[in-house]
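The next block holds one structure in the form of structure tokens; read it before the comments.
Bear in mind that the values in this text are calculations on the coordinates, not laboratory data. Bear in mind that the values here come from a model prediction, so they are computed numbers and not experimental data. Quick reminder, even Gly has a Cβ in these numbers, built from the backbone with ideal geometry, and neighbours come from all protein chains shown.
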Amino acid sequence: MTTNQAMRTSNQNDSDPDQDVVFEVRDLEVTFGTNRGESRVVRNVDFDIYRNETLGMVGESGSGKSMTSSALMNAVVSPGETSGEVTYYPPDGGEPISVLDLDEEELRKFRWGEVAMVFQGAMSSFNPVKKVRGHFRETLEDHNRDVEAGLDRARKILGDLYLDPDRVLDSYPYELSGGMKQRALVALALILEPEVLVMDEPTAALDLLMQRSIVSLLKELKAEYDLTIIFITHDLPLLTKLADRLVVMYAFDIVEIGSTEEILYDAAHPYTRSLLNATPDLNAPIEEMQSISGSKPDPVTNIPGCSYRPRCPMADESCAEAEPPMADRGNGHRTACFYHDDVSDEIPIPAMEAAEEGGEGE
């Protein structure tokens, strides 16, 4: 890690000075003009992403996590407007890149060469009348890469994903199963050797067995190809098997961030704890599952004070008067709640308590 990076990380509340930052995000906002007024779908987001980590972003649908990931690549579609700072730090102390200031040609190179993205629904990402080989060839040609060397790399990556390379390359997308298409799309994203792989709900259309299989493969790929992975999903249990850290988003902003273990066993925001209680497979009896009451906020409406207040069982008058700042709980664990010290007593998580009791009895 360079001296500048060490100084930068040590000055951020959510950063570990021993970690190397690959993305630094400050005051990130994404807005859309509507006939009802300005719609703010990302609001003043601040966080760092460490090189070679897997960062999970979780929250209900419409919380802003996908739009945040698009903003990392300056890929918010018009008429959306992105503001703030997104800085990418190349490996080996390369010159920092201000992503939001890149022109179209620079962005084209950045989005595949430095950062690649895998979207939900592999079928919509492939041209159905072009064989998979053609997609790899087109990507390599568009970026002035050696096509034959690139196809050799494609074969290796496909093999690492437990696919028959020649069969996949010579197939049309519709000839492959959903899991095969998704793995082929991961291979395509890696063909230009990016540093960072952004995955936006990549397993949402797959069955449970295939989801778990792809998570296992991602762990292997991360080690094999020295990747930083950003994994966006509403499926919290899936992230616990993959992510090193979790970012919890609500109402278009981050409400909690910390290591996966800290979030699972010491969640300090009422929304995070409610999200855990609403998750169906955390070893709790089905009758102990608790849905989150109330409705998600409207991106056009500015709620005074804490955005979660209308749904929060702990909210009082102080929550309506001011927006809670991020509180530092140590070890890179931060949360935006006035009552983060009391939340474990007020909103217990039965599944976690049962797991802890079971562990003590062994």
Review point. Roughly how many nanometres apart are two label points built 7 Å out from the Cα toward the Cβ at His143 and Arg26?
Key: 2.9
Study note, to complete from the structure: Least to most buried among Phe47, Phe119, by other C-beta atoms within 10 Å and fewest first, runs Phe119, Phe47
Revision key, fill the gap. Once Glu346 and Asp166 are pulled to full extension, the length gained, defined as 0.36 nm per residue separation minus their Cα-Cα distance, is 59.1 nm
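Using only DSSP helix segments of four residues or longer, with each worth -39500 (n - 2.57), what per-residue ellipticity at 222 nm results for the chain after dividing by its residue count and rounding to 500?
Numbers: 14 runs with 127 residues, N = 362.
Helix contribution divided over all residues of the chain: -10000 deg cm²/dmol.
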Review point. Counting only complete DSSP H runs, which helices of the chain cover 27 Å or more along their long axis at the Cα atoms and score a mean Kyte-Doolittle of 0.0 or above?
Key: none
Study note, to complete from the structure: So the FRET efficiency between Lys156 and Asn52, C-beta based with R0 = 22 Å and rounded to 0.05, is 0.60
Practice item. Can you grab the distance from the C-alpha centre of the stretch 198-262 to the C-alpha centre of the stretch 46-84, Å, no decimals? Key: 14
Review point. How would you rank 323-333, 179-189, 21-31, highest first, on the average number of other Cβ atoms within 10 Å across their residues?
Key: 179-189, 21-31, 323-333
Check your understanding: Residue separation times 0.36 nm, minus the C-alpha to C-alpha distance between Ala223 and Leu107: what's the value?
Key -> 39.1 nm
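Order the peptides 226-234, 135-143, 89-97 from the highest to the lowest mean number of other Cβ atoms within 10 Å of their residues. Write down the numbers at each step before the final one.
Values: 226-234: 21.4, 135-143: 17.3, 89-97: 12.8.
Most protected by this proxy first, the peptides run 226-234, 135-143, 89-97.
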Point to revise | Linear extension gain, Leu209 paired with Glu38, 0.36 nm per residue minus alpha-carbon span | key: 57.4 nm
Point to revise | Lysine pair count for the chain [Cα-Cα under 17 Å; pairs on different chains or 8 or more apart] | key: 8
Point to revise | Residue order, fewest to most surrounding Cβ atoms within 10 angstrom, among Glu81, Glu193 | key: Glu81, Glu193
Study note, to complete from the structure: Sorted by chain and number, the residues with a modelled amide H under 5 Å from that of Met199, at a separation of 5 or more or across chains, are Val118, Ile230, Phe231, Ile232
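Quick check on the chain: of the DSSP beta bridges with both residues there, what percent are antiparallel, nearest 5%?
Numbers: 29 of 47 bridges.
Of all bridge pairs located within the chain, approximately 60 percent are antiparallel.
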Practice item. Give, rounded to the nearest 20 debye, the magnitude of the charge dipole that the chain has about its Cα centre when Lys and Arg contribute +1 at Cβ and Asp and Glu contribute -1 at Cβ. Key: 1440
